[in-house]
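A.B. asks: Mind looking over this structure? Questions follow.
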Number of protein chains: 4
Amino acid sequence: MVITMKPGATEEQIQAVCSTIEEYGLDTLLMPGSVMAIGIPSAIPADVREPLAQKLQILPGVSQVTHVSRSYKLASREFHPASTVVNVRGVHIGGTDFVVMAGPCSIEGYEQLSEAAKEVRAAGALVLRGGAFKPRTSPYSFQGLAVEGLKIMRQVADEVGILTVSEVMSPDLVETVAEYVDILQIGARSMQNLPLLIEAGKSGKPVLLKRGPAATIDEFLLAAEYILSNGNSNVMLCERGLVSFDRSYTRNLLDLAAVQVLKDHSHLPVIVDPSHGVGVAKYIPAMSCAALVAGADGLLIEVHPDPRRAMSDAAQTLDTKTFAELMESLRRLGPFSKRSICEQAIAV
Amino acid sequence: MVITMKPGATEEQIQAVCSTIEEYGLDTLLMPGSVMAIGIPSAIPADVREPLAQKLQILPGVSQVTHVSRSYKLASREFHPASTVVNVRGVHIGGTDFVVMAGPCSIEGYEQLSEAAKEVRAAGALVLRGGAFKPRTSPYSFQGLAVEGLKIMRQVADEVGILTVSEVMSPDLVETVAEYVDILQIGARSMQNLPLLIEAGKSGKPVLLKRGPAATIDEFLLAAEYILSNGNSNVMLCERGLVSFDRSYTRNLLDLAAVQVLKDHSHLPVIVDPSHGVGVAKYIPAMSCAALVAGADGLLIEVHPDPRRAMSDAAQTLDTKTFAELMESLRRLGPFSKRSICEQAIAV
Amino acid sequence: MVITMKPGATEEQIQAVCSTIEEYGLDTLLMPGSVMAIGIPSAIPADVREPLAQKLQILPGVSQVTHVSRSYKLASREFHPASTVVNVRGVHIGGTDFVVMAGPCSIEGYEQLSEAAKEVRAAGALVLRGGAFKPRTSPYSFQGLAVEGLKIMRQVADEVGILTVSEVMSPDLVETVAEYVDILQIGARSMQNLPLLIEAGKSGKPVLLKRGPAATIDEFLLAAEYILSNGNSNVMLCERGLVSFDRSYTRNLLDLAAVQVLKDHSHLPVIVDPSHGVGVAKYIPAMSCAALVAGADGLLIEVHPDPRRAMSDAAQTLDTKTFAELMESLRRLGPFSKRSICEQAIAV
Amino acid sequence: MVITMKPGATEEQIQAVCSTIEEYGLDTLLMPGSVMAIGIPSAIPADVREPLAQKLQILPGVSQVTHVSRSYKLASREFHPASTVVNVRGVHIGGTDFVVMAGPCSIEGYEQLSEAAKEVRAAGALVLRGGAFKPRTSPYSFQGLAVEGLKIMRQVADEVGILTVSEVMSPDLVETVAEYVDILQIGARSMQNLPLLIEAGKSGKPVLLKRGPAATIDEFLLAAEYILSNGNSNVMLCERGLVSFDRSYTRNLLDLAAVQVLKDHSHLPVIVDPSHGVGVAKYIPAMSCAALVAGADGLLIEVHPDPRRAMSDAAQTLDTKTFAELMESLRRLGPFSKRSICEQAIAV
């Protein structure tokens, strides 16, 4: 942390800054120059960082308080140089395999999910997605089949031989959802639902954490830090599009450069969700391929046997034929990024 | 809803659009012109609106699907022209009174809260704010005193004669928090925590719903709709600043025009939180006065007996002396906006 | 500037950073600690700041380069503590007077402008606004009367006894526009039109510089710096609304806290344009009053004798009656902010 | 255009809406339903669209005015289904060739530019980029060599056999810049510099139009429309990153989905500038490849023989070796997107 004083700051004001820092047991280093700056050379404990900065900002004579280190630790590649590979029942995410998760927005019933699961598995997906608890913006939209949906999902997955991912929206449901699915999804709207992050951390289950639509990279990695610091290192990050000033043509603004940033600053695997990222079915194959080339470790895609019949998200859902063609493209493209599209069998 | 076809759309494509609409039991109205447009003249049931739009968007020949009505109903002034006045134990919010809620960011202990409560009450605040469960971006920050904090708050409030507002972060805690406080606060990060909104709705308690930092007006009013549609009409909206591309000088971007928009399109009371809205103590008095003039029904302000000792949010916290001066300003300014600063006694 | 090294940076890498800095004739100060940081204690020349930062960022072992001082100088209050008062033919902007500029979006002809000028003058405006060169988003919109419009404006202003402000869009037209109007307006789309800023600087004319819809405070003040550093200290800053993720209800997102920030960090006068700031006529009176209370030095408002006949911006234009009522409100509100609505005569 | 009335709108109010529309010679179509809506079935002339919408919005009883067609015409693929291929002295941009434009941020002198040109040409670039007039945010930054720089560029290009692109910032300089370069670049800050767009239109020269950092797709295509409607069909669109709420890790937010949107809704070629798009050299190769896969027609990349010596933009500039490796990657990737990296000779 560096504290810059205003031009003309007095000796007393500088002293007050130093005292405030020293009260926390930290050293100070004076940097006299065109204006006086005060550095803190030692490592600042994580729980001191923010309250100290807040207090310094209001001291007389202080011009600016500048953080010179990142606020996340466990999620940072600086302190954990090797990439984390999350092992989900034998499927490895974050290494050289490229893993595709696909399925309908909502679990609508056994027939629909079974058909979807068979088709996405045949095309090469290793994880079946599908919502049982649906976080809908409007209270008048379909809210999902809840636990009944999870049971259907478990049955279908076991029959087809595929892993599963489904969203959990509430801390008291973590245990229940963890019982039925292989990967807990924490949705974009829940990225800073801290009680939920803590429970997901305690569960030890693999977690797919979606980036909030207005979350900075730091806020995203601090949300992951909540899970990691509760003892769960099986965290995958998911970029799914940001809020934008232009909503005329796409639903969100997909931030593919975030894949590079996240892989650079964190060791955690990065998944891209182009379905929510753009929200328009016809743009999804190209953006999926671009995500692979941009360095992603996998994809999360909405696929439905008949999008025209889908109870939600029809406009951004691929039909199974288009999805199979996309998987072909990814297979051809994989070697370019030194990736292979993982095709292994799942032990039931 | 109006569906515009592409130039050269075929008869068959137009027919497919009409059939899709009619499957939902809705009528269609053809609008031939430079391009063909298809209107739906009848009211579209709330649960049909979104899935229908999604399905129409992917039909061949469709250029654009345009909503011509708002998606919220219970929160809308169109269907509820009179302003809602929320009655919290005799204090009326949303009418001619202007109600100020003030207190520390976090409840740190009995001494601190008691001193804060006495001073803000003496200055004219009618509601004591203070966090017991703290939603912190970093897991390493102070997380609050939890239920212990709520008990302290209840005791202090009863001693001082002041109402209370405190945040609830999790649906399973709604009942507990509702037992101790007079107004449930739903934080900005929780605005779309739907299980929480539903529980807050069922509780019937007055709710202060904060706008998410990237929430549109429609999303904000739909979040209120979740509470309203679960049987609770005691909802207050709180503008607290939006995410911005410029974070060098202020923490958030306070949207004071939203006060006008919300009062125009909804009947619910609107409170402004300038503390989080700007995040810099010295700008808060002016923005508080501007909020009153912009039409707000009240304020939510962070005040601490000694901000330099505050465990959180020190930089945006007013000391009690500055707060008392601000209350004086508001009292002088009130008549200009045909408001009086509510000063009544609170029955314990 | 502070350069933070990565954990494990080598002696050689640290040395390379120091050498790069010293090549610019600057000293370095080592700050050993949990990680090594390198400070530059002396003032960095303005033209070195950015290229040096760019070069340091790419050196091996460098984690972060942090600016600890602002990039603008002439616009900064740090080096010019007294508020600048711009004198436009005897009208003082930036002191205790509150100055209102009003008139139609476009100059449509003598009759329209003359009627508008008389009415806004009678109501208390001291400056007539009106566009002769119109920057329209679409090439198919009305583009203005050009020099013919300026001549009409000059004639009307002299007849009525009012100052004038009108936009100049191109550096080669600065001289022409400056001949006819009292204040040159630089529009939001032109905020970083650098040749235009330079010409406006050389002209010496009072300049009203509008903030770009996505300009940070730093970019805004650096744009002002272009005018100031070309010898023109008569610069007024104008906040007129920012780009937003929500365009359903307002045209832009008015940033009233920017008034506080700009007055705090710069000595230049600050004008608010609520017409473009919100874009909805019925919200403009309240936002105008809020701007005064927030600390603005004046307003820029679109007023038309008959908005329903306006050739542009009808939806955000006040009629003259509403404008006169607003001026009454401002007069009553002025003393609250220690301002008087300036009413002096203009020498023709 | 569809005008939705408020519930309870009167006959008179509906009649006033119809009259206002009919004054422009347009027909109306009543759509009675749950609320009354009024459609305009005929094509609305481009110059009427905006003023009419503005006037209707302020009529009593009107709830909402909704555009159901896009505001651009000449740039739209609806009216021009075939993709435009811009022919720059025999190099075709917008067809099956993928064209790379590369070179330094600023032209610093003959030696630097000549070395850069030879190396990027040898690696496979067909167009040399380099700024002679530099639009710098700060007046204290290097402003470029101006016409002297253009002369150097022309000489170098002729010696090396490469096309050139350079920015023009002012309408009065279009003719001069057009004399020396093959492609006029209009910078992001100038996207709505309308006098400049008009001059660029009149010049007939190929134009590379950069998207403003906060420009919507509609605003971007309307800016292109200014050039097209002034008689110049040789327009290339360039995505170069958007303003974002997170500036900690990248300079801008690259919108790669915009490539898909622009190719879908417009017939104009689309170029991606990953250098400004992300602003961090090490992320640029991956984002360049992603741009190709996302459907772009070419790239604009900053390359310098020695980035550590670059006078501007060092942090986002590739060295020539990394650039040559990137060209190799693009060559391998090209067939995947049915593109070939254009390698033809340039006639001098």
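A.B. asks: Given the conditions (1) modelled with pLDDT of 90 or more; (2) more than 17 Å from D:Pro307 (Cβ to Cβ); (3) not hydrophobic (A, V, I, L, M, F, W, C), which single one is not true for C:Ser63?
C.D. replies: (1)
A.B. asks: Among D:Ala286, D:Ala291, which is the only one that is within 9 Å of another protein chain (Cβ to nearest Cβ), touching a strand residue (DSSP E or B) at 6+ places or on another chain (Cβ under 7 Å) and free of Cβ contacts under 8 Å to residues at least 60 places away in the same chain?
C.D. replies: D:Ala291
A.B. asks: Follow-up question, since we're still on this one. Which members of the range C:219-267 meet the condition of being within 7 Å of chain B (Cβ to nearest Cβ), of a type in the set (Val, Ile, Thr) and open to solvent by 10 Å² or more (accessible area, probe 1.4 Å)?
C.D. replies: C:Thr250
A.B. asks: Could you list, in sequence order, the residues of the range D:268-288 that are hydrophobic (A, V, I, L, M, F, W, C), open to solvent by less than 10 Å² (accessible area, probe 1.4 Å) and more than 18 Å from the chain's Cα centre (by Cα)?
C.D. replies: D:Ile284
A.B. asks: For the range B:186-218: of the residues being aliphatic (A, V, I, L, M) and under 18 Å from B:Arg70 (Cα atoms), which is surrounded by the fewest Cβ atoms within 10 Å (Cβ to Cβ)?
C.D. replies: B:Ile217
A.B. asks: Within the range A:78-93, count every residue that is open to solvent by 80 Å² or more (accessible area, probe 1.4 Å) and of a type in the set (Ser, Thr, Tyr).
C.D. replies: So the answer is 0.
A.B. asks: Further question on the same structure: Go through the range D:99-126 and count every residue that is in contact (Cβ under 8 Å) with a residue 60 or more places away in the chain and either away from chain C (no Cβ under 11 Å) or among the aromatic types (Phe, Trp, Tyr) (or both).
C.D. replies: 17
A.B. asks: Residues of the range A:203-223 being free of Cβ contacts under 8 Å to residues at least 40 places away in the same chain and under 19 Å from A:Arg89 (Cα atoms), which ones?
C.D. replies: Selection gives A:Ser203, A:Gly204, A:Lys205, A:Val207, A:Leu209.
A.B. asks: Could you list all residues from the range A:311-336 that are open to solvent by 10 Å² or more (accessible area, probe 1.4 Å), in contact (Cβ under 8 Å) with a residue 60 or more places away in the chain and either over 30 Å from A:Phe142 (Cβ atoms) or not assigned by TED's automatic domain parsing to the domain that holds A:Gly298 (or both)?
C.D. replies: A:Arg331, the sole residue that qualifies.
A.B. asks: Can you tell me which residues in the range A:269-327 are charged (D, E, K, R) and farther than 25 Å from A:Met236 by Cβ?
C.D. replies: Of everything in the range A:269-327, those that are charged (D, E, K, R) and farther than 25 Å from A:Met236 by Cβ turn out to be A:Lys282, A:Asp306, A:Arg308, A:Arg309, A:Asp319, A:Lys321, A:Glu325.
A.B. asks: Enumerate the pairs (first residue in the range D:185-200 and in contact (Cβ under 8 Å) with a residue 12 or more places away in the chain; second residue anywhere and of a type in the set (Phe, Trp, Tyr)) with beta-carbon separation below 8 Å, excluding pairs fewer than 6 apart on the same chain, so at least 6 apart or on different chains.
C.D. replies: Filtered contacts from the range D:185-200: D:Met191/D:Phe220; D:Leu194/D:Tyr226; D:Leu197/D:Tyr226; D:Ile198/D:Tyr226.
A.B. asks: Going residue by residue through the range C:69-76, is there one that turns out to be under 26 Å from D:Thr317 (Cβ atoms) and more than 10 Å from chain A (Cβ to nearest Cβ)?
C.D. replies: yes
A.B. asks: Exactly one condition in (1) over 24 Å from the mean Cα position of the chain (by Cα); (2) open to solvent by less than 40 Å² (accessible area, probe 1.4 Å) is false for D:Ile58; which is it?
C.D. replies: Unmet for D:Ile58, out of (1) over 24 Å from the mean Cα position of the chain (by Cα); (2) open to solvent by less than 40 Å² (accessible area, probe 1.4 Å): (2).
A.B. asks: If you don't mind, another one. Which number in (1) open to solvent by less than 60 Å² (accessible area, probe 1.4 Å); (2) at pLDDT below 85; (3) away from chain A (no Cβ under 14 Å) marks the one condition that C:Asp47 misses?
C.D. replies: (1)
A.B. asks: Would you pick out the residues in the range C:1-42 that are more than 11 Å from chain A (Cβ to nearest Cβ) and on the phi > 0 side of the Ramachandran plot?
C.D. replies: C:Gly25
A.B. asks: Could you say whether any residue in the range A:324-333 is of a type outside the set (D, E, K, R), part of a loop (DSSP other than H, G, I, E, B), in contact with a Ser or Thr (Cβ under 8 Å, 6 or more places away or on another chain) and more than 14 Å from chain B (Cβ to nearest Cβ)?
C.D. replies: Looking for residues that are of a type outside the set (D, E, K, R), part of a loop (DSSP other than H, G, I, E, B), in contact with a Ser or Thr (Cβ under 8 Å, 6 or more places away or on another chain) and more than 14 Å from chain B (Cβ to nearest Cβ), one finds none in the range A:324-333, hence no.
A.B. asks: Which one of the conditions (1) exposed (fewer than 12 other Cβ atoms within 10 Å of the Cβ); (2) part of a loop (DSSP other than H, G, I, E, B); (3) at pLDDT 90 or above; (4) not aromatic (Phe, Trp, Tyr) does D:Gly25 fail to meet, given that it meets all the rest?
C.D. replies: Looking at each condition in turn, D:Gly25 falls short on (3).
A.B. asks: Residues of the range C:184-218 being of a type in the set (D, E, K, R), more than 9 Å from every other protein chain (Cβ to nearest Cβ) and not in a loop (DSSP other than H, G, I, E, B), which ones?
C.D. replies: C:Glu199, C:Lys202, C:Lys210
A.B. asks: Further, regarding this structure: Would you point out the residue of the range D:153-179, among those that are open to solvent by 20 Å² or more (accessible area, probe 1.4 Å) and under 13 Å from D:Leu113 (Cβ atoms), that is nearest to the other protein chains (Cβ to nearest Cβ)?
C.D. replies: Among them, the one singled out is D:Arg154.
The values are calculated or read from the model by the stated rules, or taken from the named source; none is laboratory data. These numbers come from a predicted model, not from an experiment. Positions of Cβ are generated from backbone atoms using ideal geometry, with glycine treated the same way; all protein chains shown enter the neighbour counts. Protein only, heavy atoms only, side chains kept; ligands, DNA and RNA dropped before computing areas. Shrake-Rupley method; radii C 1.70, N 1.55, O 1.52, S 1.80 Å.
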